[in-house]
Amino acid sequence: MGVGGELASVKSGVRVVSGGEEREVRLAPGVAALGDRELPFREIRDGGEELVALEVAGEIFPVRVARAGDRVFVWCAGRTFEVRREIVAAARTRSSGAADAGAGLLAPMPGRVRRISIPRGERVAKGDVVLVLEAMKMEHAIRAPRDGVVTRLDHREGDLVDAGAVLAEIS
Amino acid sequence: MGRLGEREAGAEVALRPIRRLLVANRGEIAVRVLRTAREMGIETVSVFAEDDAAALHVSAADRAEPLGPGPVIRTYLSIPAILDAARRSSADAIHPGYGFLSENAAFARAVSAAGLVWVGAPPDAIDAMGDKLRSRTRMEKAGVPVVPGSPAGIRDDASLAAEAERLGYPVLVKASAGGGGKGMSRVERANDLEAALAEGRRIAAAAFGDDAVYLEKLLDRARHVEFQVFGDGRGNVVHLGERECSVQRRHQKIVEETPSTALDADRRRKMGEAAVAAARAVGYVGAGTIEFLLDAGGRFYFLEMNTRLQVEHPITEETLSVDLVRAQIDVAAGAELPMSWRAGEPVARGHAIEMRLYAEDPVEFLPRSGTILEWIEPSGPGVRVDAGVGRGSRVGVDYDPLLAKLVVHASDRAAAVDRGRRALAEWVVLGVETNLDLLRDVLASDAFRSGDYSTDLVPSLLRKERAPVPDAAWIAAALALRGERAGRPPETADPWASAESWRP
C-alpha cells in the first residue's frame, strides 16, 4: 500500500492508556499506526474545523474529542472513553539503528524535576517510574522504556529542565 | 372548619393569580419550573449561590437574585436568604422544586406568613409525612397496607430485636426522619442487629438531626412502584398513574418508566385507590407521590409519601400529555383540578422512560467534579432532555450530582427502549465522568428489555467487562494530543510537546 514508507519516517509517537489498555500511536498524513497495525484514516471536520468523525479503513465513526492537558475525553461509537498520555519520551537510539546500547530519557516538555525515584546505578524494569517531572501544573511520570540499569542521571530534585534535555540513560 | 384541605360547603375559594414566581432551587429542576412559568406568562426569579453565578438556571429567569457565598446551608437551604431574595424581587409566590427546602414545613409556613403563595403541599401534610415512622402509623389507620415493620414507640434495642425476630430477617434499619434512600442499612442476622442500630442512629442524627430509627422487613427482589397524586383546595384528590423505579444503585433511582410492567389493570386500580386514600388521609393539596413496594408475590405495601414534585415526574407528563408544574401553579393560585383529571382514571398513551445522568465515578459512585468540555444533547422525535448544565458548566461536589434527565416517549415499551438506546448513543458528555455508560448497559440488558427486573439489576451489571477502545478513539486521542488543528501538521519541531487544554 506504500504507507509503510511514510510511517517509517515518523519515529516518535504517543503512548496512550485507557482503562487498562494501552497503545503506541504514530500518525502520518492519511495513515495511523496502532502498535504494529497500520490503518488508513481521514478526518471529517465541520464548518468550524471541529473534528466530528473519522473514516478509518473505510468505515465512518462519529467522534467528539475534548482535551484537558494530558487527558483526552473521547466520545466514539456511542461510548465515552478517557485516554491519557503516558509520558515515555522518545528513545534516543545509536546512529547505527541497530538494537540500542543505551536508551536516553528526554524531557518531553520544560519543567522541574520533582522527584527522582530510582538513583543512578540501580536496576530498573521496563515501565518503572525513573523520575517525576512537574510541568503545566501536573506531575508527569517518566518511565523506563526497557529493563536495564540507570547509567546516567544528570539532574537533582528541584532542577529546571528544558524540553529535550537528557534526564537519564538506561543501559 | 372541616379536615385539612376541605372547605365548608358554599365557601368561596379565592383565586389568587400569581404574577412573579421565585424558584428556590438550582440545576435542572429550576430550569424546568422556570420554563413552565414563562409559558404561563408569569414573571420569573431565579436564585443563586456565588459558585452558581454562571449556572444555566440563573439566566433562565427574568431576574436573578444572589444568595451570597456558600456553604449550602446559607444559600439554597437558608429560609431567611430565600425570603430576602423574594422580598428584594417582589415575588408573590415561591416554588421550592425538589430537595432543599421543598419538604420543610417551617419554610412552607414562613412563605405563607410572608404573604407569598406557597407552591407546594400544606405544611401539616409535610409534617405528617415527613416522619416516616409516624406516616406508616397514619397509613395503617387509613387502611393502606404498609411494609411490615416495627411500630412507633418501640425504641430500645431489646424490643427492636424482638420485632426483628417477629418480622424475620433480613430487616432494614431506617431513620424515622429520613428519606430518599439515605441512612438505611441491611441486617442479615440477629448478631448484627445491635451494631446496625447504633450505626443507624449515628447516621440519622448526623443526616437528619433525629436519631430515631425503626425496622422494616427487607423485601428482596422487590419492585418500587410509585403513584402520582394531586389534590386541590376544594377536596378533590386524584391519582395520575404509576411510575416504576426499580433500577437503582444504592437505593437511588437511575431509570424510571411508565406504565409499569408489574401492574395489570386490576392491580393498578387497587394501588391507585390506596394512593388516593393515603393522600386524602393527610388532606393533601398539590403534587405528591405515594411510594409502594411490590413483593415477589405481587402484594403491595406503602413505603413513604413525598410531599413535593418528584424528580421523575416527566415520564408521567409525557404519557398523559400534562404539565404537572402548570397544575401545581394553578392549584396554588386557587384553581380546581382539571375536569379531565377528576372524571376518572387517566389512560397513559404509549410508554416513557427516564434516564438520570449523574456526574460520578461509574464503579464506586463517588461524585466527580470538573468542567464540562463538550455537551451535545440527543434530540429527535419523542426525546426530551431536562438539563441544568451545558458546555462550559463547572460541576462541583457541593451539590447533588444529577446533571440532567433524558426522557423518551414512544408508542410502546419496546419502541421506547429502542429510542432510549438511540438517544443515549447520541449524547456527548466530555470532561466529567458520568454514569452514561451504565445507563447504556441498563437499557441494553436482557433483564431490562424483557421488563422482568428488580432492584438487583444494577449490581449485576457492574460485573460486566469494560468495552474495548475502538481504533477510531485511539486515533482521535492521538490527534488531540498532537495539538493538530484543521488537518495541518503543527509547525513546532516536537509535535507532542504542547500540553494546553483545547479541542482539536
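A short reminder: the numbers here are calculations on the coordinates, not readings from a lab. Here the structure is a predicted model, which means the values were calculated and not measured. Backbone-built Cβ (ideal geometry, glycine too); neighbour counts: all protein chains shown.
The angle between the Cα long axis of helix B:413-426 and the longest principal axis of the Cα atoms of chain B comes to about 40 degrees, rounded to the nearest 10. The relative contact order of chain B comes to 13 percent, based on Cα pairs under 8 Å that sit 6 or more residues apart. Starting from the Cα of B:ALA447, step 7 Å toward the Cβ, then list every residue of region B:351-388 with an amide N under 20 Å from that point. Once the point is set 7 Å along Cα→Cβ of B:ALA447, B:353-358, B:362-366 turn out to lie under 20 Å by backbone N, inside region B:351-388.
I'd like the orientation of helix B:27-39 relative to chain B: the angle between its Cα long axis and the longest Cα principal axis, in ° from 0 to 90, rounded to 10. Between helix and principal axis, roughly 70 degrees.
Which order do peptides B:354-361, B:101-108 fall in by mean Cβ count within 10 Å, highest first?
Values: B:354-361: 22.6, B:101-108: 20.9.
The packing order, highest mean first, is B:354-361, B:101-108.
Mean per-residue shielding of peptide B:65-78 is 0, counting Cβ atoms of other chains within 10 Å of each Cβ. Cut-off 18 Å, label point 7 angstrom out along Cα-to-Cβ of A:ASP46: give me the residues of region B:420-434 whose amide nitrogen falls inside. Once the point is set 7 Å along Cα→Cβ of A:ASP46, B:423-431 turn out to lie under 18 Å by backbone N, inside region B:420-434. Taking 0.36 nm per residue of separation and subtracting the current Cα-Cα distance, fully stretching the chain between A:GLU139 and A:ILE60 would add 24.8 nm. Report note on the peptides A:22-34, B:398-410: ranked by the mean count of other C-beta atoms within 10 Å, highest first, their order is B:398-410, A:22-34.
Dividing the helix sum by the residues of chain B, where each DSSP H run of 4 or more adds -39500 (n - 2.57), gives a mean residue ellipticity at 222 nm of -9500 deg cm²/dmol. Here the calculated FRET efficiency for A:VAL17 and B:ALA54, from their Cβ-Cβ distance with R0 = 30 Å, stands at 0.35, rounded to the nearest 0.05. Distance between the pseudo-spin-label points of B:SER460 and B:ILE79 (7 Å out from Cα toward the beta carbon): 4.7 nm.
Around B:ALA359, with a cut-off of 13 angstrom between Cβ atoms, what is the net charge of the other residues, counting Lys and Arg +1 and Asp and Glu -1?
Numbers: positive: B:ARG356, B:ARG368, B:ARG394; negative: B:GLU28, B:GLU360, B:ASP361, B:ASP398, B:ASP400, B:GLU433.
Every neighbour counted, the sum reads -3.
Peptides B:434-445, B:34-45 ranked from most to least packed give B:434-445, B:34-45, packing being the mean of other C-beta atoms within 10 angstrom over each peptide's residues. Rounded is the label for region B:18-120. Its Cα gyration tensor axes, ordered a ≥ b ≥ c, give a/c under 1.5.
Considering only the other residues whose Cβ falls under 9 Å of the Cβ of A:VAL113, what net charge follows from Lys and Arg at +1 and Asp and Glu at -1?
Values: positive: A:ARG112, A:ARG114, A:ARG115, A:ARG156; negative: A:GLU134, A:GLU157, A:ASP159.
With Lys, Arg at +1 and Asp, Glu at -1, the net is +1.
Among B:VAL469, B:HIS351, B:ALA49, whose Cα sits farthest toward the positive end of the charge dipole of chain B (+1 at Cβ of Lys/Arg, -1 at Cβ of Asp/Glu, about the Cα centre)? Highest projection toward the positive end goes to B:HIS351. In degrees from 0 to 90, rounded to the nearest 10, what is the angle of the helix B:471-482 Cα long axis to the longest principal axis of chain B? Its long axis makes an angle of about 70 degrees. Scanning residues 5 or more positions from A:VAL124 or on other chains, those with amide H under 5 Å from its amide H are A:GLY148, A:VAL149, A:VAL150, with H placed 1.01 Å from N in the peptide plane.
A simple charge model with +1 on the Cβ of Lys and Arg, -1 on the Cβ of Asp and Glu and nothing else charged puts the dipole of chain B at about 620 debye relative to its Cα centre.
Dipole magnitude for the protein assembly as shown: about 240 debye, using +1 per Lys or Arg Cβ and -1 per Asp or Glu Cβ, origin at the Cα centre. Among the listed pairs A:LYS126/B:LYS464; B:LYS253/B:LYS464; B:LYS217/B:LYS464; B:LYS174/B:LYS270; B:LYS132/B:LYS217, a Cα-Cα separation exceeding 22 Å is found for A:LYS126/B:LYS464; B:LYS217/B:LYS464; B:LYS174/B:LYS270.
One quarter of the surface of the convex hull around the alpha-carbon atoms of chain B equals 26.4 nm², the direction-averaged projected area.
Averaged over peptide A:55-65, how many Cβ atoms belonging to another chain are found within 10 Å of each residue's Cβ? That average works out to 5.
If R0 equals 60 Å, the separation of the Cβ atoms of B:SER321 and B:ASP192 corresponds to a calculated FRET efficiency of about 0.75.
Take every pair of alpha-carbon atoms less than 8 Å apart whose residues are at least six positions apart; their mean separation over the length of region B:352-488 yields a relative contact order of 28 percent.
Using the beta-carbon distance between B:ILE376 and B:ALA265 and R0 = 41 Å, what value does 1/(1 + (r/R0)^6) give for FRET efficiency, to the nearest 0.05? If you can, show how the numbers build up before the last one.
On the way: r = 41 Å, r/R0 = 0.99.
Here the calculated transfer efficiency is 0.50.
Averaged over peptide B:424-434, the number of partner chain Cβ atoms lying within 10 Å of each residue's Cβ comes to 5. Computed over region B:206-343, relative contact order equals 28 percent, with contacts defined as Cα pairs under 8 Å that lie 6+ residues apart.
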